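First comes the structure, then the notes that go with it.
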């Protein structure tokens, strides 16, 4: 008999997804059964996001839905974990009185025992309720994210290489939620990758709040190049992808590692946020326009075929028409393969949230629309460079008669796909395909080799 049943809801970014996989792994290890439907579960666990006000409201809405199941009697307990619990702390206890316990971001050691106590409390009807607020400090050393119950497809996985952030971007609440930057030792990351590769992961996506600062706290030097080499050498790993790179610390050694390390794909996710010097200074991005342009030049010169993804913020406090036009011109000229944008939202607890020169919502909307239209034209044109080329494709799924995959230039969930024709294409395999058509953000192609590409 299982200890109890749990319905688990994971919200937010890939970093939160890893946390969810660890929490689920601990629950399964304690003999909890995981339910697909909330109404079938004893306990509902919501791992929340609290990065932006929109994500905060989404999390609160999901929590209230979980509490409604509890009020109807189909669930006996609701547990809230993650960034929202860490960010809002005691305020949530008053806002969400039907929640049984709050865990925050460091709850993996407590989750199983807590859910067991909640289950037993209902069964015994006499057992004392566990403490409602169990959020720990956010400065604990990193632990290995092993024993995960995977939520991603078996062939792809995310690996957190560090926790927290030492940057002081004025729009960002993450350092207050996640704490100071703490790197995992190289050996710990490699241990995690070995476990994932043995479970079938061919693609490893390296993530953190700031991946380029990896190692500075542990080794007094930037050790991302060494980490890339060691992760890429793990048997079974075919693609290693770098995400959440911070431009201020992108060294020549990192560029060389991208260019010359086998199995490291030529793809970088590097949020720039803006290009206007007044905006970069107001955001405290610790980089100038000239330095940004030089970094992009060096990356493209030394990493042939590089696919570069970035994100921008429009409507940051004090953004003038001139600042925005400079950003718009930069997007058109820089020709990023992939780019997204956010409309700035004031976040409580951040310096920018207190700035007086906030931008009107209708102005943000217009700027966002113009920027994304410009980037769409760039992206569609950039896709044409693949026409006629033979490239590696990771087979992801099937949609009716079509097989769907991703190129090395497409990160999971956020980028486009390639639709393949060909027989006997196994999900999770890497095949060679010839690109025959570009359609918007996606490609079409014909598989040339049905079996896994050898290296």
TODO: Residues being in contact with a helix residue (DSSP H, G or I) (Cβ under 7 Å, 6 or more places away or on another chain), free of Cβ contacts under 8 Å to residues at least 40 places away in the same chain and either farther than 15 Å from residue 264 by Cβ or part of a loop (DSSP other than H, G, I, E, B) (or both): count how many of those fall in segment 210-229.
DONE: 2
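I'd like the full set of residues that are under 30 Å from residue 244 (Cα atoms) and assigned to a strand (DSSP E or B), limited to segment 8-34.
Initially, segment 8-34 is screened for residues under 30 Å from residue 244 (Cα atoms), giving 8-27.
8, 9, 10 - these are the residues of segment 8-34 that are under 30 Å from residue 244 (Cα atoms) and assigned to a strand (DSSP E or B).
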TODO: Check segment 196-209 and report whether any residue there is out of contact with any strand residue (DSSP E or B) (no Cβ under 6 Å at 6 or more places or on another chain), in a helix (DSSP H, G or I) and at pLDDT 95 or above.
DONE: yes
TODO: Residue by residue through segment 35-57, note down the ones that are closer than 22 Å to residue 68 by Cβ, more than 16 Å from the chain's Cα centre (by Cα) and outside any strand (DSSP E or B).
DONE: 35, 36, 37, 38, 39, 40, 41, 42, 54, 56, 57
Task: Members of segment 294-309 that are free of Cβ contacts under 8 Å to residues at least 40 places away in the same chain and either in a helix (DSSP H, G or I) or buried (at least 21 other Cβ atoms within 10 Å of the Cβ) (or both) - done: 294, 296, 297, 300, 301
Open item on the list: Need the failing condition index for residue 175 against (1) within 30 Å of residue 349 (Cβ to Cβ); (2) in a helix (DSSP H, G or I); (3) modelled with pLDDT of 95 or more, just the number.
Closed with: (3)
TODO: Look at segment 346-362 and say how many of its residues are farther than 18 Å from residue 280 by Cβ and in contact with a strand residue (DSSP E or B) (Cβ under 9 Å, 6 or more places away or on another chain).
DONE: 1
- [ ] Pull up segment 70-98, narrow it to residues that are surrounded by 19 or more Cβ atoms within 10 Å (Cβ to Cβ) and in a helix (DSSP H, G or I), then point me to the one that is nearest to the chain's Cα centre (by Cα).
- [x] 83
Open item on the list: Checking the structure you have, find out if any residue of segment 310-320 is more than 25 Å from residue 55 (Cβ to Cβ), out of contact with any strand residue (DSSP E or B) (no Cβ under 9 Å at 6 or more places or on another chain) and not in a strand (DSSP E or B).
Closed with: yes
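The values are calculated or read from the model by the stated rules, or taken from the named source; none is laboratory data. No experiment lies behind these values; they were computed from the predicted model shown. Every residue, glycine among them, receives a Cβ derived from its backbone with ideal geometry; neighbour counts consider all protein chains shown.
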